[in-house]
Each structure stands twice: as structure tokens, then as C-alpha cells.
Amino acid sequence: MSIFIELSLILCATAVIAYIARIFKQPLVVGYIVSGILVGPHALNVFHATEEVELFSKIGIAILLFIVGMSLSPATVKETGKSSVVVGSAQVLLTAIAAFFVMKVLGYEARESVIAAIALTFSSTIIILKLLSDTGDLNKLCGKMSIGILLVQDLAATFVLIIVAALGASAATDGLGMMFAILFVKGIIASVTLFYVAKYILPKVLSRIASSQELLFLFALAWGLGMASLFEMIGFSIEIGALVAGITLSVSNFAYEISSRLRPLRDFFVVLFFILLGAQMQLDNFGSLIIPAILLSLFVFIVKPLIVLMCMNTLGYRTRTSFITGISMAQISEFSLIVMTLCLSLGYVSNELSSLITLVGIVTIAGSTYLIAYSDALYTRFKKPLRIFEWRKNQKVECDIADVPAMMIFGYDRVGYDFVQVAKKIHTEYLVVDFNPASIKLLQKHNIPSRFGDAEDVEFLEEIGLSHTKIVVSTIPDLKANKLLVTQYRKHNKDGIILVISHDMKQAKELYALGATYVIVPHFIGATHAVHMITKYSADVEYFNAERSRHIAHITEREKLGR
């Protein structure tokens, strides 16, 4: 059977299984993995082009991370960089220690326990990014924290692979130290070089080729895969190279267009990754591995998220954000399977342990799709028991109606600044609520009344007296958050004013039906204002120039406050 026919059959089977999964409202990722098992050696046995599909899946991972990198502007990285490094490092260390003792309890000797513990610490970048994108959480604080933690894990995984390879080559301690020194120097040189290329060369290249959409697409694909290959050649991983390639384009005016054009290509190759994962599942000694696999899977599902939750809570993040970030880590990574395969080839672990970790990988990757998809419902169900894992307690203060401000503004990052200026202008008491610690620090620096909190935390909304304020403004363009705000406000306040933002007309109608006083649809308001200017002033260039100057001045004033 030719590769073309084989791939066609695999895709047909996957389409059918994915459709069935959709009918039963299950995550499509589960359908892809089941399809891999179905076409694999333990069922239909039509999947033989493993090397070709593995190559395609690597391309998909590279494109996925390239697109994610383009969404990581320097401002975004700065926003969660420090917290991500602290939480990511603590998570890797604490998870490895806890997993080591679990492996010892299961009866494995020290070396195998260490290797398995390391494998269990990593989470799957491709799974998390795909599912967070599907749930719309990728650009939220929990999504940004997840990406930051994954970066730390990827760096740790890269060093682990280097160490294992070096030990396999019987490298001396001095040689190993030299290897790290060389890698560090290469990383510095690559970073400095890319900084100058991204700042001085790429903008000129993109401006010249942007007129041709096909050429722009081809250049972006070549840049992303080329940088991924370059980083692999100098000792890093393809994943890190692709991510860095995306970050270098994140400040470009063409980043959004490039991302939108690459997404269909990404989706096709990523599907093949999940099919390959299912097809490679080992079922020969399944019976003896069931109990250990269940115990280790529960460890990954429960202990890893709790470690992340406690670490983030220590840094001041609220429980909901910490919980959703932790839940996203509840699986092991493709890096984990690579580490086990390499150690198996070097004789460091047994085939039984390698199969066990592979089985845990399949179970946790499939299971985490449900945990992430239903993370909000899980948080609502378990938020009270979760309080015992909070290391930094957020003391609940009873609301005093007399202290409730007349205006509450949820979210400052987007257009919250404008509403703050309005509140000052009309001389009314106001409070800005934001769940990003960096935003709160900025607000405190400028003496703007603020509270650190989550708009989707009902108890927090009661604590600050939401129902007693006269005006509520939400600048958060998230339907779930706005629906909760409107519903909670209208439960106890039928006459107050609540303004929310939506970028979708259909969602705006939903919010109106729930009781929103006014839904701000930015592109609609912007277009209406532009039509008004043309209607009133026609071709009066002086007026439009004056309006342009006022707009630039307003933008400049906002930039002074870091936005």
C-alpha cells in the first residue's frame, strides 16, 4: 500500500471518529487519539508510515509554537515572566521530588525512580496550547502563565536530554560542564543576533514582500521552520527554536495576518501528531500495568495541579486563576516519552517502565482534555475544598455598603484607563478590579484605587459589594465573565447601570437579554463615529487633522501609564 493511500485511509477513519466525538460533545483531541489506536497495530493495522507521519507531526508542533510565539509580544512576556520562572521552576522541582517517592513506593530502584520522576514533571506544550486556544483561555492570565511555565519546562527538558545523551556517551564531569558552557554561549550569541535581526532587518524584509500574500506566507513558513532547525543544530530543541522565531515576529504589523494564514496548515499537521500518539500506544503487557498506571495518572491529575496552585497562591494569584493554570498541567509531555525512549535505548530503564510511562502519557493526555474543557465547572464544584491548599490566605472582608464606590471598573489593560479618566472628571468614587498582579502594581504606583480579584469569582464580587454600586463597567471582552457579572448584578440591583464590552453582535444580544444596560461593540462604535465625522465635516481636511492630533495625544497620554 502506498503512503498516499495509507494516509488517506487514516484521515478518513479520523474524520469519522472525530465526527462521532463531536456528536457526543467530546473534545476532538480524544477522537484523534482513538483514531490512532484504531488504525494502529492493535486494531486495523493500516498505519505503517510511522516515520513520515512523525515528520509531519514535528512540522505541526513547530508551526503551532511559531504561531504562539507571534502572540507573545515583549509586553506579554514581561507581564508574567518573573512569576512564570518562579512557578515553573518550583513546579518542576517539587513534582520531581514527590514523583520520586511515589515510584519508590511502587517498588522501582533509585535510578529508574529518578528518570520516571523527571519524565512525570513535564507537561505537553502542544496539548495545552491547543486546548487553551479551543476554550478561549490562551490570552487570559491563566493562559499566559501556562505558556510561561511551559517555557521553563521546555528549557529543563532540553537540559535533561543533553545530560542523558552526554551520560550515554560516557562523558566526564568536566566534559559535561564544558557542554553546558558551550550551549550557554551559543544561546547568548543566538539571542543577541536575533534581537538585531528582528529590530533592524526583518521589518525591512517584511515591508518589501508584504504586497504579495503568497510570498509573505512562504517567507513566514521558511523563517519559522528554518529557525527551529537552526536551534536544533546548535543544541536546543525544535520547539524552542520555533517559539523564538515567532517571538521575533511578534512586534511586526503582519503578525496577525501570518498567524491566520498558517493556522489551517498547523491544524492538519497537529492532527497527525495525535494520530501517531494513539497508534504508538503499547498494549501487549497492559494487564500488569493497569494499577501502577492508574496511581501515576492520579498523581499527574491531582498532585501536579495542586503544586502549581499553591505556588501561584504564594505569589498572590487568586485561587481560580491558579486552579485553571494548574489543571492545564495535568498531563505528561511528548518530552517525557522522548526521555524514556532514550533511557531505554541506553539501558537505564526497563521496557516495562518505558511502557508504563507511555500508558500514563496516553491516559493523562486524553484525560486532561476533559479537565481543561470543564475547568470552570470543576472549579465551581471544588472551590471550597481547595481553600485548604492556599498558602497565602485571601481574607474575606464583610462588605460595608457605605464603603462601596459609586463606580466599579473591571479590567484596566484595554480601555479601563478611559473610564478612570471619566470617573475623575465627574468626581465620583471608583474602584478598578483586575486579576493581573502586574496591573495592580501599576495602578498602585499611580495611586488609582484598585483591588486584585477575578470577575468570575462570585464570592469576591459579593465581598466588594458589586450589587450596591451604581455603575459597573467591564472592559473584559470575555462572554463568560460578562454574563456572570451581568447576572450577579441584576440579581440584587434592577436599576443600576452595567456596561460591558463584546466583539460579537450575537454575544451582545445575549448580554442584553441578561440585563446589560449597554453593550459596547468597539468596531460598531468606531465605525459609527467615523461615519458621523464624514457626515458632519465631509472633506474638511483641517478637522480630520485636528481629530488625528487629539487621538495621538490621547494615545501618548495612555502610554505614560504603561498602556
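A quick yes/no check of all residues on (1) over 26 Å from V404 (Cα atoms); (2) at pLDDT 90 or above:
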position	(1), (2)
I476	no, no
I497	no, yes
A516	no, yes
M533	yes, no
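Going by the structure shown, is V458 of a type outside the set (G, A, S), buried (at least 17 other Cβ atoms within 10 Å of the Cβ), under 26 Å from the mean Cα position of the chain (by Cα) and within 25 Å of K384 (Cβ to Cβ)? When the stated conditions are applied, V458 does not pass them. Within segment 500-532, the set of residues being of a type outside the set (V, I, T) and part of a strand (DSSP E or B) comprises just one member, Y518. Does T517 satisfy the criteria of being polar (S, T, N, Q) and within 30 Å of the chain's Cα centre (by Cα)? No; evaluated as a whole, the condition is false for this residue. The numbered conditions (1) out of contact with any Asp or Glu (no Cβ under 9 Å at 6 or more places or on another chain); (2) over 21 Å from I258 (Cβ atoms); (3) at pLDDT below 70 are all true for L138 except (2).
Which residues, taken from segment 21-69, are outside any helix (DSSP H, G or I), of a type in the set (F, W, Y) and surrounded by fewer than 21 Cβ atoms within 10 Å (Cβ to Cβ)? F24, the sole residue that qualifies. Annotation note: Cβ proximity below 8 Å between a residue of segment 37-56 that is more than 17 Å from S2 (Cα to Cα) and a residue that is not small (G, A, S) (sequence gap 6+ or interchain) occurs for I37/M281; L38/I17; L38/L44; P41/F47; H42/M281; H42/L283; A43/I37. Would you say A546 is open to solvent by less than 60 Å² (accessible area, probe 1.4 Å), at pLDDT 80 or above, among the aliphatic types (A, V, I, L, M) and in a helix (DSSP H, G or I)? Answer is yes for this residue.
Scanning segment 238-266 for residues that are among the polar types (S, T, N, Q) and in contact with an Asp or Glu (Cβ under 8 Å, 6 or more places away or on another chain) yields a total of 0. Screening Y518 with (1) open to solvent by 80 Å² or more (accessible area, probe 1.4 Å); (2) in contact with a Pro (Cβ under 9 Å, 6 or more places away or on another chain) gives one miss only, at (2). Taking segment 303-383 and the helices (runs of 4 or more DSSP H) fully enclosed by it, the elements with 2 or more residues that are at pLDDT 85 or above and open to solvent by less than 10 Å² (accessible area, probe 1.4 Å) are at 304-314, 319-328, 351-373.
Assessment of segment 299-316 against the conditions (within 20 Å of T380 (Cβ to Cβ) and among the polar types (S, T, N, Q)) yields at least one matching residue. The lone criterion from (1) small (G, A, S); (2) over 22 Å from Y430 (Cβ atoms); (3) over 35 Å from the mean Cα position of the chain (by Cα); (4) surrounded by 11 or more Cβ atoms within 10 Å (Cβ to Cβ) left unmet by A508 is number (3). What tally of residues in segment 4-20 results from selecting those that are among the small types (G, A, S) and open to solvent by less than 40 Å² (accessible area, probe 1.4 Å)? Of the residues in that region, 2 qualify. Restricting I238, I209, I189 to those that are out of contact with any strand residue (DSSP E or B) (no Cβ under 7 Å at 6 or more places or on another chain), modelled with pLDDT of 75 or more and surrounded by fewer than 14 Cβ atoms within 10 Å (Cβ to Cβ) reduces the list to I189. Identify, please: which residue in segment 453-465 is modelled with pLDDT under 80 and outside any helix (DSSP H, G or I) and is, among those, farthest from Y379 (Cα to Cα)? By that ranking, first place goes to G453. Contact map, segment 438-459: residues that are closer than 14 Å to R318 by Cα and in contact (Cβ under 8 Å) with a residue 60 or more places away in the chain paired with residues that are part of a helix (DSSP H, G or I) and open to solvent by 30 Å² or more (accessible area, probe 1.4 Å), Cβ distance under 6 Å, separation 6+ or inter-chain. Pairs shown: A438/E79; E456/L484. Taking Q488, is it under 26 Å from the mean Cα position of the chain (by Cα), part of a helix (DSSP H, G or I) and surrounded by fewer than 21 Cβ atoms within 10 Å (Cβ to Cβ)? Spelling it out, it is not the case that Q488 is under 26 Å from the mean Cα position of the chain (by Cα), part of a helix (DSSP H, G or I) and surrounded by fewer than 21 Cβ atoms within 10 Å (Cβ to Cβ). Restricting to segment 416-435, and then to whatever is buried (at least 18 other Cβ atoms within 10 Å of the Cβ) and β-branched (V, I, T), can you tell me which residue is modelled with the lowest pLDDT? Selected residue: V420. Residue check: V531 meets all listed conditions (1) among the β-branched types (V, I, T); (2) crowded, with 17+ Cβ neighbours inside 10 Å; (3) over 29 Å from S439 (Cβ atoms) but one, namely (2).
The values are calculated or read from the model by the stated rules, or taken from the named source; none is laboratory data. Bear in mind the structure is a predicted one, so any value in this text is a computation, not a measurement. A quick note on method: Cβ atoms are made from the backbone with ideal geometry, for glycine too, and the neighbour counts reach across all protein chains shown. Only protein heavy atoms, including side chains, enter the accessible area calculation; ligands, DNA and RNA are left aside. Shrake-Rupley method; radii C 1.70, N 1.55, O 1.52, S 1.80 Å.
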